[in-house]
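The values are calculated or read from the model by the stated rules, or taken from the named source; none is laboratory data. These numbers were taken from a predicted model, which means no experiment stands behind them. Reconstructed Cβ throughout: ideal geometry from the backbone, glycine too, with neighbour counts over all protein chains shown.
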Amino acid sequence: MYRPEYCAGIDEVGRGPLAGPVYAAAVVLDPLIDIVGLKDSKVLTVKKREELNTIICAEAVDYAIGRADVEEIDSINILQASLSAMQRAASNLCVPLDFALVDGNTAPRLSCPSDYLVKGDSKFDAIKAASIIAKVARDKEMLELDSIYPGYGFAKHKGYPTPAHLEALKTLGPSPIHRMSFSPCKQMLD
């Protein structure tokens with residue numbers, strides 16, 4: 001029986017924030033379905049990202065999410081935690097992968113052949129889709145964490161080091177979801 005090659009696009013979001021987990025997604029797109037408007041999640045509005053997220057989830061052959069929490073980030077470093085999240089996303093797929101293309105300059109060890117593509121989130125549709133899926137999932141978690149840890153503004157900046165976040169960090173000190181291995185948080189302990 002014939003089946004098309006299953007090539008996953010893999011991307012992560014949340015390497016730069018001072019708080020919260022890092023997320024990754026793996027997406028296998030149907031080559032016969034064109035999803036109009038796919039772009040790197042960073043250049044899309046929240047509304048457009050959410051619209052595309054719904055379409056991707058409905059039209060993709062398969063997609064999956066992986067994450068690494070703050071404890072893991074602080075324990076093994078953000079790069080290794082990102083690679084672990086990517087591995088988890090790929091292993092959570094239900095279809096057998098023939099190949100994976102990862103955004104960036106490093107690919108995690110996967111159970112299938114893989115390669116990386118610098119700026120892949122602006123060049124390869126499955127990576128663009130993965131960036132959208134991962135960003136929407138992480139943003140949703142950061143909105144939930146905003147209600148658990150009020151005062152930091154996680155709903156607005158999603159944990160990134162904005163002036164408002166840095167000011168809240170100085171005023172309130174680090175929360176349990178802050179990455180203590182990151183310099184601005186680490187300085188709070190010194």
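Looking at (1) hydrophobic (A, V, I, L, M, F, W, C); (2) outside any loop (DSSP other than H, G, I, E, B); (3) under 19 Å from Gly16 (Cα atoms), find the lone condition where Ala107 falls short.
All conditions are met except number (2).
With (1) in a helix (DSSP H, G or I); (2) at pLDDT 95 or above; (3) out of contact with any Leu (no Cβ under 7 Å at 6 or more places or on another chain) as the list, and Ala126 as the residue in question, which single condition is left unmet?
(3)
Out of (1) farther than 14 Å from Gly20 by Cβ; (2) over 20 Å from the mean Cα position of the chain (by Cα); (3) in a helix (DSSP H, G or I), what's the single condition that is false for Gln87?
Condition not satisfied by Gln87: (2).
Out of (1) among the charged types (D, E, K, R); (2) in a helix (DSSP H, G or I); (3) within 23 Å of Thr162 (Cβ to Cβ), the odd one out for Glu51 is which?
(3)
Ala130 is checked against (1) farther than 21 Å from Phe154 by Cα; (2) surrounded by fewer than 22 Cβ atoms within 10 Å (Cβ to Cβ); (3) of a type outside the set (S, T, N, Q) and fails just one. What number does that condition carry?
The single condition Ala130 does not satisfy is (2).
When you go through Gly14, Gly20, Gly37 one by one, which is the residue that is touching a helix residue (DSSP H, G or I) at 6+ places or on another chain (Cβ under 8 Å), surrounded by fewer than 17 Cβ atoms within 10 Å (Cβ to Cβ), among the small types (Gly, Ala, Ser) and at positive phi? Reasoning before the result, please.
On the way: Gly14 fails: surrounded by fewer than 17 Cβ atoms within 10 Å (Cβ to Cβ); Gly20 fails: surrounded by fewer than 17 Cβ atoms within 10 Å (Cβ to Cβ).
Only one candidate passes the filter, namely Gly37.
Considering region 56-79 alone, what residues qualify as being more than 16 Å from Ile127 (Cβ to Cβ), of a type in the set (A, V, I, L, M) and in a helix (DSSP H, G or I)?
Ala58, Val70, Ile73, Ile76, Ile78, Leu79
Within region 120-129, identify whether any single residue is closer than 17 Å to Gly16 by Cα and without any contact (Cβ under 8 Å) to a residue 40 or more places away in the chain, and answer yes or no.
Looking through region 120-129, none of the residues is closer than 17 Å to Gly16 by Cα and without any contact (Cβ under 8 Å) to a residue 40 or more places away in the chain.
Return yes when Ala68 is surrounded by 20 or more Cβ atoms within 10 Å (Cβ to Cβ) and touching a Leu at 6+ places or on another chain (Cβ under 6 Å) and no when it is not.
no
Could you please give the count of residues in region 129-164 that are assigned to a helix (DSSP H, G or I) and either among the charged types (D, E, K, R) or modelled with pLDDT under 95 (or both)? Before you say what the answer is, go through the steps one by one.
The first filter runs over region 129-164 and keeps only residues assigned to a helix (DSSP H, G or I), leaving 129-148, 154-157, 163-164.
Filter once more, keeping what is either among the charged types (D, E, K, R) or modelled with pLDDT under 95 (or both): 135, 138-141, 144, 146, 156.
So the answer is 8.
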